[in-house]
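The structure appears below as C-alpha cells.
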Ligand SMILES: [Zn+2]
C-alpha cells in the first residue's frame, strides 16, 4: 500500500510547514514539496492541518465497575476514538486483589484482540503487591507494560496503603516504569461521604460536595514526596483542581520527574452541571468530580505554561439505565463519563481557537507528550520519516455540534453526550492508522482488529 497526502499544513510538537507526505506500508517514508512519486491513493489536504494521530493516555474500555461494565467495548470505543482523531489509546487492566497481575493482563489482551480499531497499549492497575512478589513488575515491563497505576482513592476496592505505594515505586524506579497515580485522599473522602449519607443527602450533586479539592491536593503532595524518596517517575492522572496543581508545580520546579494529566471535562465543564434538575447531574458523576470555574482557569494556565503535559479523556461511559442505579443514593452511581471521541475537536476549539494553546502545544498535549512519557516516541506522537503513518487530516473550517443525535460526532455506545450542544469549529476529516485510511470524510472505514497491541519501552529521560 502507498498513500500520498498532498499540500497539508503539517504540525508536530515543533514544526509547522506545508508539504507532501508519502507513506509506503505503515511508515512515513518521504516528506517534501511537490514530491514526484506515484501512489495508490492520493489525498489532497490543501487548506487542512495534518496532525500526528492522537494518543489518549487514559481510557477504560469494557471495564467492570461493581455490577456494571463501562458501555464501550474495544470495538465501539476505539471506533469512536478513530472518528475523533485518536489513533492510540492506553487502557488499564485491573488486578483483582490477591490475584496475579498477569491474569488481568491476559484478560485485557482478550478484550482487545480482534476488536480494536486503533492501536492500544496497557497500564497495569496494581491494588496489592505483598512483599516478595515485586518480580511480577519486572515481567510486566518485559511484556511491554512499563507503567503502573495506583490509587489513593476507593478504600473498598483499589486503594493501596503507603507501604505498597512505596514498595511499588521503589521497584518501578529500578525498572524504568512510570507510576501513575489517582491522587485523592479516599480515606477522608469516605468519611465525608458517610456523614453526608447519614444526613440523608442522596442527589448527584453530593458526589462533588463530598470530594473537596484539598483532598486531591493532599494526595498529590503525598505521592510526590513518596516518589521523590523512592526515585520513581510519577504521572498524576486526571488532575482537576488548583489545589492539585500546587504540589505538582513545586515538584517540577525542584527538578523532580513528575508529569500531570488533565481531561477535557475539567477544562470545559464545571460543577454547576450538578445543579441540573432531577437526576441529570448523574451524567457527570465521575472522579474527581467537576470543579469550579476558577479551577478550570488554573488548569488552562498550567497546560499553557507546561506544568501539565497531557490531556487524556478518562473515557468510562455508562448508559443512563446504569446511572439510574444511584437514583436513591449518589454513592451508587457508576463513576465515569464518555469523551474518547471528542478530545481533539474540543481541545482545538477551546484551546487553539482561543489562543490558549499554540498549534504545536496542541499536538504536544494531545499526542507527542504521552508518546514520550509512555515509551512510544518516535514511533507514535510525531510525523517524521520512519514514524508510523498515524495522521489526522483536520479541517479547521468544519463546524459540528456535538450531540448524541449527531451521527458524525457520536459513535460511542452510550445514550448521552457529556458535551451535548457544544459547537466546535474544526474537526477531523480523514484519519490514517499505520498507512491505512480508517476514517474518510468523518466515516469509519477501517475494520475491527486493525488496531495492534503496542509493547512499549521503559521510560527514558524526557524532560517535558
Ligand atoms: Zn480513569
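Odds and ends about this structure:
- Residue, surrounded by the most Cβ atoms within 10 Å (Cβ to Cβ), within segment 174-196, restricted to residues that are within 23 Å of the chain's Cα centre (by Cα) and away from the ligand (no atom under 16 Å from the Cβ): 177
- Within segment 403-431, being within 19 Å of the chain's Cα centre (by Cα) and part of a loop (DSSP other than H, G, I, E, B) holds for 409, 410, 411, 412, 413, 414, 417, 418, 419.
- Residues in segment 431-453 that are at negative phi and surrounded by fewer than 23 Cβ atoms within 10 Å (Cβ to Cβ): 436, 437, 440, 443, 444, 445, 446, 447, 448, 450, 452, 453.
- Cβ pairs under 7 Å, 6+ apart, first in segment 225-249 and farther than 22 Å from residue 125 by Cβ, second more than 16 Å from the ligand (Cβ to nearest atom) and not in a helix (DSSP H, G or I): 228/256; 241/291; 245/307; 249/307
- Condition check for residue 92: in contact (Cβ under 8 Å) with a residue 12 or more places away in the chain and within 16 Å of the ligand (Cβ to nearest atom): yes
- On the stretch given as segment 210-227, residues that are in contact with a helix residue (DSSP H, G or I) (Cβ under 7 Å, 6 or more places away or on another chain) and either over 22 Å from residue 306 (Cα atoms) or away from the ligand (no atom under 16 Å from the Cβ) (or both) total 10.
- Residue satisfying all of: in segment 264-280; assigned to a helix (DSSP H, G or I) and out of contact with any strand residue (DSSP E or B) (no Cβ under 9 Å at 6 or more places or on another chain); farthest from residue 245 (Cα to Cα) among these: 280
- Qualifying residue in segment 235-256 (condition: on the phi > 0 side of the Ramachandran plot, within 16 Å of the ligand (Cβ to nearest atom) and in a loop (DSSP other than H, G, I, E, B)): yes
- Looking only at segment 160-173, residues that are in contact with a strand residue (DSSP E or B) (Cβ under 8 Å, 6 or more places away or on another chain) and more than 16 Å from the ligand (Cβ to nearest atom) come to 6 in all.
- All helices (runs of 4 or more DSSP H) inside segment 132-231 with 2 or more residues being under 30 Å from residue 280 (Cβ atoms) and at pLDDT 95 or above: 186-198, 205-209, 213-230
- Selection within segment 121-131 - in contact (Cβ under 8 Å) with a residue 24 or more places away in the chain and in a loop (DSSP other than H, G, I, E, B): 123, 126, 127, 128, 129, 131
- Across segment 112-128, the qualifying residues are those that are over 28 Å from residue 394 (Cβ atoms) and more than 16 Å from the ligand (Cβ to nearest atom), and the one among them that is surrounded by the most Cβ atoms within 10 Å (Cβ to Cβ) is 128.
The values are calculated or read from the model by the stated rules, or taken from the named source; none is laboratory data. The shown structure was predicted, so the numbers you read here are calculated from the model rather than taken from an experiment. As a convention, Cβ positions derive from the backbone with ideal geometry for all residues, glycine included, and neighbour counts pool all protein chains shown.
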